[in-house]
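I have placed the structure first, in the form of structure tokens, so that the comments after it can refer back to it.
Each value in this text was obtained by applying a stated rule to the coordinates, not by laboratory testing. Model, not experiment: these values are computed from the prediction. Please note: Cβ atoms are built from the backbone with ideal geometry, for glycine as well, and neighbour counts cover all protein chains shown.
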């Protein structure tokens, strides 16, 4: 029993020791930093860089000396027979004698080294491996940019979902007070039953919206944690405020100039893709060039009638060889020519794709700049409208209980307030999304 308890304790401690520590509270900047290290897509994109680095070293190694060792053991179950003229042994001319040469068992140990002297495809391959590594790095950067954009959107959406719940709860509390007060007026004969029903209808709608908002907030928080690489059951407090994310002092007004598009990651990927296709074209053309390789071979051979090769008196006979090989391609039934033409077409397609990407990104940046400007204007408009709607609703509350306006006017003012609240929160979300979309497209380097 004690042994079982001890084993259980060791396993339990091991599980605790291997468990990852997840953050309990995150600002937006901390969430971005954490997500860029723990997001699943980012991790795999980083592994692609590691794979490209290994591939590059693998390509480099092809041009370095290649050394092979071999041990060959031979045991002749039946010795080969050779025919030699019988007259060598005193026989008749024209006749042949049967004779066996060598020993029954043989061991050959050899070492061989090969070295490329010149190979056009290898030289091009070295250049291509650098480009493939760069492409992997660009894809990694693009993955991080897209992950950052998703995290910012999710983080803001989570904060706004929580803010929406607060507003709905506040509206619900005020409506419950109104229901109680209007119901009391109805009991005392100062209000119609329809007024009570109208305010109850508004309260029912708010309750439905509140339930939906709570469920939506849970889903949004889980989406954020998923994109951060945090288990959905882990509790995480978002410590940034919406006012910190939407810093009005840093919003851009007026005419916005289109920045350079050279930092856009899609353009950089397209540029490297063109380089890659150009090198593949060079690679196909390099197949027309001759290749030169050198080799050196050293071997020791032992012969014996029995397996006594490990004895001290065993004789070993050495041999060595150095050589060069020249491989000259003469005719390939036009396959090399066709492959070269195909590679050239691929290169031309990549060039066209780069031009297309440049035009597309420029248009996307222009559109994003325009949408960001409109989002700023809409944000301030909805903020002002919300202030107006709050004042109108407050005035109608006072007027209603003073008997100046009816329940219909009060309900209209309340619905107008709720609509303004929703539009204001949507304008914040839209502003944040337009801003991060523009930043992702421009991809300005960090100061």
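Relative contact order, percent, of segment 128-227 when contacts are C-alpha pairs under 8 Å separated by at least 6 residues?
The normalised contact order for segment 128-227 reaches 43 percent.
Could you calculate the FRET efficiency of residue 60 with residue 331 from 1/(1 + (r/R0)^6), where r is the beta carbon distance between them and R0 is 30 Å, rounded to 0.05?
0.40
Rank-order 52-65, 378-391 by packing density, defined as the average count of other C-beta atoms within 10 Å over each peptide's residues, highest first.
Top of the packing list down: 378-391, 52-65.
What's the exposure ranking of 155, 122, going from fewest to most Cβ atoms within 10 Å? Don't skip to the answer; put the middle values down first.
Numbers: 155 25, 122 16.
Ordered by Cβ neighbours within 10 Å, fewest first: 122, 155.
If you fit an axis through the alpha-carbon atoms of helix 407-442 and take the longest principal axis of the Cα set of the chain, what angle between them do you get, 0 to 90°, nearest 10?
30
If you bin every alpha carbon distance in segment 104-193 into 10 Å steps from zero, what whole percent lands in each bin?
Pair shares across the bins are 12, 13, 12, 11, 11, 9, 8, 7, 6, 4, 3, 2, 0.
As I understand it, the value is the acute angle between the Cα axis of helix 28-38 and the longest principal axis of the Cα atoms of the chain; what does it come to in degrees, rounded to 10?
30
Given bins 5 angstrom wide, list per bin the percent of all Cα-Cα distances in segment 93-149, short to long.
4, 10, 9, 8, 8, 7, 7, 7, 6, 7, 6, 5, 4, 4, 3, 3, 2, 1, 1, 0
Output the relative contact order of the chain, whole-number percent, from Cα pairs under 8 angstrom with separation of 6+ residues.
22
For the Cα atoms of the chain, what angle does the longest principal axis make with the long axis of helix 40-62, in degrees from 0 to 90, nearest 10?
Value to nearest ten degrees: 20.
What percentages make up the Cα-Cα pair-distance distribution of segment 58-137 when the bins are 10 Å wide from 0?
Cα pair-distance distribution for segment 58-137, in percent: 14, 21, 16, 14, 15, 12, 6, 3, 0.
Return the distance in nm (one decimal) between the two label points of a simple spin-label model at residue 106 and residue 84, each offset 7 Å from Cα along Cα→Cβ.
The modelled label-to-label distance comes out at 1.6 nm.
Neighbour counts of other C-beta atoms within 10 Å: give me 360, 434 arranged from fewest to most.
Numbers: 360 15, 434 21.
By the 10 Å Cβ count, ascending: 360, 434.
Report the calculated FRET efficiency for residue 251 and residue 215 (r = Cβ-Cβ distance, R0 = 30 Å), to the nearest 0.05.
0.40
Of the peptides 289-298, 220-229, how do they stack up when ordered by the mean number of other Cβ atoms within 10 Å, highest first?
The densest-packed peptide leads the list: 220-229, 289-298.
Starting with the highest mean, order 366-374, 331-339 by the number of other Cβ atoms within 10 Å, averaged over the residues of each peptide.
Top to bottom by mean Cβ count within 10 Å: 366-374, 331-339.
Enter the Cα centre distance for the pair segment 133-186 and segment 309-388, rounded to the nearest angstrom.
The distance from the Cα centre of segment 133-186 to that of segment 309-388 comes to 39 Å.
Note down the relative contact order for segment 243-396 as a percent, whole number, built from C-alpha pairs under 8 angstrom at least six residues apart.
32 percent.
Can you give me the distance in nm between label points at residue 341 and residue 27, each placed 7 Å from the Cα along the Cα-to-Cβ direction?
Label-label distance for residue 341 and residue 27, simple model: 6.3 nm.
Between residue 127 and residue 293, take the C-beta separation as r, use R0 = 25 Å, and let me know the FRET efficiency to the nearest 0.05.
E(calc), rounded to 0.05, equals 0.75.
Over the alpha carbons of the chain, what is the largest minus smallest coordinate on each principal axis, giving the biggest first in Å?
Ordered largest first, the chain gives principal extents of 149, 74, 39 Å.
Using the C-alpha atoms of segment 18-95, what convex hull volume per residue, in cubic angstrom, is computed?
275
Residue 179 to residue 377: extension gain in nm, 0.36 nm per residue of separation minus the Cα-Cα distance?
Result for the pair: 67.5 nm of gain on full extension.
Find the Rg to Rh ratio for segment 184-223, where Rh is the Kirkwood radius over alpha-carbon pairs and Rg uses the same atoms. Present the calculation step by step, with values, prior to reporting the outcome.
Details: Rg = 16.4 Å, Rh = 12.1 Å.
Result: Rg/Rh = 1.35.
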